[in-house]
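Here is the structure we will look at, set down as C-alpha cells.
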Amino acid sequence: MGIECCCAVAAPRTEVFAWHSRPGAFTRLAPPWQPVRIESEATSLADGVAVLRLPGGLRWVAEHQAADYDPPHRFTDRLVTHGLASAPIGVLPWRHIHDFEEQGPNRTLVSDRVETPIPAAMLRPLFDYRHRQLIADLAAHRDATAHGYTPATIAITGSSGLVGTALTAFLRTGGHTVVPLVRGPAGPGERHWNPDAPAPGLLDGIDAVVHLAGASIAGRFTEAHKRAVADSRIAPTERLAARAAEADVPVFVSASAVGYYGADRGDDTLDETSSRGEGFVADLVDSWETAADAAGAARIVKVRTGIVQSPRGGTLRLLRPLFSAGLGGRIGSGRGWLPWIGLDDLVDIYHRALWDRNLSGPVDAVAPHPVRNIEYTATLARVLHRPALLPIPSFAPALLLGAEGATELATASQRVLPTRLQSAGHRFRTPDLEPALRHLFGRTSG
C-alpha cells in the first residue's frame with residue numbers, strides 16, 4: 001500500500017537536491033490547508049529529524065535514514081514512534097522515499113514514494129501541492145540567477161509572521177542567508193532589533209533589508225488602536241531605514257498597503273500612478289512610505305500589498321470556517337472590488353524587489369485580475385463545495401470594527417492593478433482567483 005507521485009523539474013539534479021537540503025524546504029512544501037505547525041526542520045537529510053505539531057498536542061516525528069542517503073540521488077525518512085504523544089498514531093507505518101533522476105542537463109524527475117496504509121486519494125493533493133511549489137520556487141530562483149542575482153545576506157523584520165515565514169523559507173532554500181531582526185532575545189543567526197532605538201551596527205554586513213514588522217491594522221478603530229498602528233510603523237520604519245543608510249545597505253524593501261488609494265474609489269482602475277485617497281489608512285500608508293525614504297541612497301521599494309490569500313492567516317483564515325459551515329456570503333451588495341494576492345505570488349514580488357535593479361518606489365502587490373466581493377465569495381464557496389447564501393448586512397462589520405473600521409477595511413473597494421510588475425514582464429503563479437484558491441486548499445479539480 002502507498003502512493004507514488006512524480007514531477008519533472010526544469011533544473012539540474014544537483015540543484016534540485018540542494019534545494020531540498022536547505023533550511024526552509026520543509027516549510028515551503030507544507031500544505032497550508034492542513035492544521036499542522038512545523039516545530040522543527042531536519043538539520044540534515046542524512047540523519048536529521050523533523051517534528052510537526054498536530055491538533056490535540058500530537059507530534060509527528062520524521063527521522064531521516066542514513067543508510068538510504070545517497071546524494072544527489074535519494075534520501076528517505078520514516079515515522080518514528082518516540083516523541084509521539086498518542087500511541088494510536090505512533091503505530092502508523094510511514095516511509096517516504098525521495099528519488100531524483102537526471103533526465104538531461106536541465107531536467108530532473110522527482111519521485112515521491114510513500115509506504116503507508118493511508119489511502120492514496122488522501123495523499124495525492126498533498127504531493128501535487130508539493131510538486132507545484134517545488135517547480136515554481138526553483139523557476140523563480142532561476143529567473144533571479146539569470147538576471148545576475150547571487151546569494152545575498154538579507155535582514156528581515158517580522159520574519160515570524162505569515163509573509164515573513166514564507167519569505168524566509170523561500171530565500172533560504174534559494175541559498176541566501178536570512179538574518180531575522182527580532183525584538184526579543186536573539187537566537188543563532190538572529191540580531192536583536194529595538195524599534196524605538198535600533199543599535200548602531202545593526203545592519204553591518206547586510207546586503208538588503210526587508211521590513212515587514214508592524215501591528216495589525218485589523219481591529220476596532222478606536223483612537224488608541226489607530227495610534228498603536230501608526231506608532232508601530234512610521235517611526236520604526238524611519239529609524240530602521242536610517243540605520244540602513246548608515247550601513248550603506250543597497251536595497252531597502254518596505255511593506256506597504258493598497259489602502260494608500262483610499263477606502264472606496266468606485267470602479268476607477270488604480271495603479272502606482274494614481275493619487276492618494278482619503279481616510280486614516282491612506283494617511284497612515286503615505287507617512288509609512290515616506291518614512292522608508294530615510295534609507296537614503298539605497299534602492300527603496302514600497303510593496304503596496306493587497307488582501308493576502310492563505311488558509312494560514314489573514315482574512316481567508318477567518319472566512320474558511322464560516323464558508324465551510326455554509327455560513328458565508330457577500331458583504332452588502334457585493335459590488336466592492338477586492339485587490340487580492342496569493343501568498344506565494346507576494347513572496348515572488350518581494351523576491352523580485354530584491355533582485356530587479358529597475359524596480360523602485362511603490363509597487364502594487366496584487367493579482368492582475370481583481371474581483372468584486374460577490375465573485376470572491378461565490379468562488380470561495382465553490383472551491384470549498386459549500387453554498388454562499390447568507391449575505392452579510394453592510395452594518396454588521398461596524399459592530400466589530402466600528403463605523404470607520406468597517407468603511408476602511410470590511411467594505412473597502414479598491415480596483416488595483418499591478419501595472420509596474422506587468423510592465424516589467426513579471427510572471428504570476430496564480431493570476432486568477434479560482435486556481436489560486438484551489439492551489440491553497442489542495443482542490444485543483446472538482
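Miscellaneous remarks
- Index of the failed condition, ALA235 passing every other in (1) under 26 Å from LEU401 (Cα atoms); (2) modelled with pLDDT of 95 or more; (3) crowded, with 18+ Cβ neighbours inside 10 Å: (3)
- Any hit, the range 215-224, residues being more than 22 Å from the chain's Cα centre (by Cα), without any contact (Cβ under 8 Å) to a residue 12 or more places away in the chain and either open to solvent by 30 Å² or more (accessible area, probe 1.4 Å) or within 19 Å of ALA365 (Cα to Cα) (or both): yes
- Within the range 275-296, residues that are touching a residue at least 60 places away in the same chain (Cβ under 8 Å) have Cβ atoms under 8 Å from residues that are open to solvent by 30 Å² or more (accessible area, probe 1.4 Å) and among the polar types (S, T, N, Q) in these pairs: GLY279/THR407, counting only partners at least 6 apart in sequence or on another chain.
- Within the range 25-38, at least one residue is open to solvent by 40 Å² or more (accessible area, probe 1.4 Å), assigned to a strand (DSSP E or B) and not hydroxyl-bearing (Ser, Thr, Tyr).
- Complete set of residues in the range 313-344 that are at pLDDT 95 or above and under 17 Å from GLY161 (Cβ atoms): ILE341, GLY342, LEU343, ASP344
Each row is one residue, and each column tells you yes or no for (1) buried (at least 20 other Cβ atoms within 10 Å of the Cβ); (2) under 20 Å from LEU212 (Cβ atoms); (3) among the small types (Gly, Ala, Ser).
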{"site": "PHE100", "(1), (2), (3)": "yes, no, no"}
{"site": "ARG113", "(1), (2), (3)": "no, no, no"}
{"site": "THR153", "(1), (2), (3)": "no, yes, no"}
{"site": "THR157", "(1), (2), (3)": "yes, yes, no"}
{"site": "SER160", "(1), (2), (3)": "no, yes, yes"}
{"site": "GLY175", "(1), (2), (3)": "no, no, yes"}
{"site": "ALA186", "(1), (2), (3)": "no, yes, yes"}
{"site": "GLU190", "(1), (2), (3)": "no, yes, no"}
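- Matching residues, the range 263-278, being surrounded by fewer than 21 Cβ atoms within 10 Å (Cβ to Cβ) and assigned to a loop (DSSP other than H, G, I, E, B): ASP271, GLU272, THR273, SER274, SER275, ARG276, GLU278
- Tabulated pairs, the range 63-78, first more than 13 Å from SER44 (Cα to Cα), second of a type outside the set (D, E, K, R) and outside any strand (DSSP E or B), C-beta under 7 angstrom, 6+ apart or interchain: PRO72/THR14; PRO72/PHE17; ARG78/GLN65; ARG78/TRP94
- Filter result for ALA255 (more than 24 Å from the chain's Cα centre (by Cα), of a type outside the set (Phe, Trp, Tyr) and surrounded by 20 or more Cβ atoms within 10 Å (Cβ to Cβ)): no
Listed here are the residues, each with its yes/no results for (1) basic (Lys, Arg); (2) assigned to a loop (DSSP other than H, G, I, E, B).
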{"residue": "PRO200", "(1), (2)": "no, yes"}
{"residue": "ILE206", "(1), (2)": "no, yes"}
{"residue": "ALA213", "(1), (2)": "no, yes"}
{"residue": "PHE221", "(1), (2)": "no, yes"}
{"residue": "LYS226", "(1), (2)": "yes, no"}
{"residue": "SER232", "(1), (2)": "no, no"}
{"residue": "ALA241", "(1), (2)": "no, no"}
{"residue": "PHE252", "(1), (2)": "no, no"}
{"residue": "SER256", "(1), (2)": "no, no"}
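- Check on ARG74, within 29 Å of the chain's Cα centre (by Cα) and under 25 Å from VAL178 (Cβ atoms): no
- Total residues in the range 400-446 satisfying the condition of being of a type in the set (S, T, N, Q), out of contact with any Ser or Thr (no Cβ under 9 Å at 6 or more places or on another chain) and modelled with pLDDT of 95 or more: the figure is 4.
- Answer from LEU327, LEU380, LEU346 - the residue that is over 30 Å from ILE300 (Cβ atoms) and buried (at least 21 other Cβ atoms within 10 Å of the Cβ): LEU380
- Residue pairs meeting the criteria (Cβ under 7 Å; at least 6 apart or on separate chains; first over 19 Å from GLU408 (Cβ atoms), in the range 336-355; second basic (Lys, Arg) and surrounded by fewer than 24 Cβ atoms within 10 Å (Cβ to Cβ)): GLY342/ARG429; ASP344/ARG429; ASP345/ARG429; ASP348/ARG429
- A count restricted to the range 279-321 and to residues that are in a strand (DSSP E or B) and open to solvent by 30 Å² or more (accessible area, probe 1.4 Å) stands at 2.
- Of all the listed residues (ARG438, ARG415, ARG427), the sole one being within 23 Å of the chain's Cα centre (by Cα), under 17 Å from LEU343 (Cα atoms) and not in a loop (DSSP other than H, G, I, E, B) is ARG438.
- Taken over the range 421-446, the residue count meeting the criterion of being surrounded by fewer than 21 Cβ atoms within 10 Å (Cβ to Cβ), over 30 Å from PHE127 (Cβ atoms) and not hydroxyl-bearing (Ser, Thr, Tyr) is 3.
- Subset tally (residues that are closer than 16 Å to HIS20 by Cβ and open to solvent by less than 50 Å² (accessible area, probe 1.4 Å)) for the range 42-62: 7
The values are calculated or read from the model by the stated rules, or taken from the named source; none is laboratory data. What you are looking at is a predicted structure, and each value in this text was computed from that prediction instead of being measured. With ideal geometry, Cβ positions are generated from the backbone for all residues, glycine too; neighbour counts draw on all protein chains shown. Surface accessibility is based on the protein's heavy atoms, side chains included, excluding ligands, DNA and RNA. Shrake-Rupley method; radii C 1.70, N 1.55, O 1.52, S 1.80 Å.
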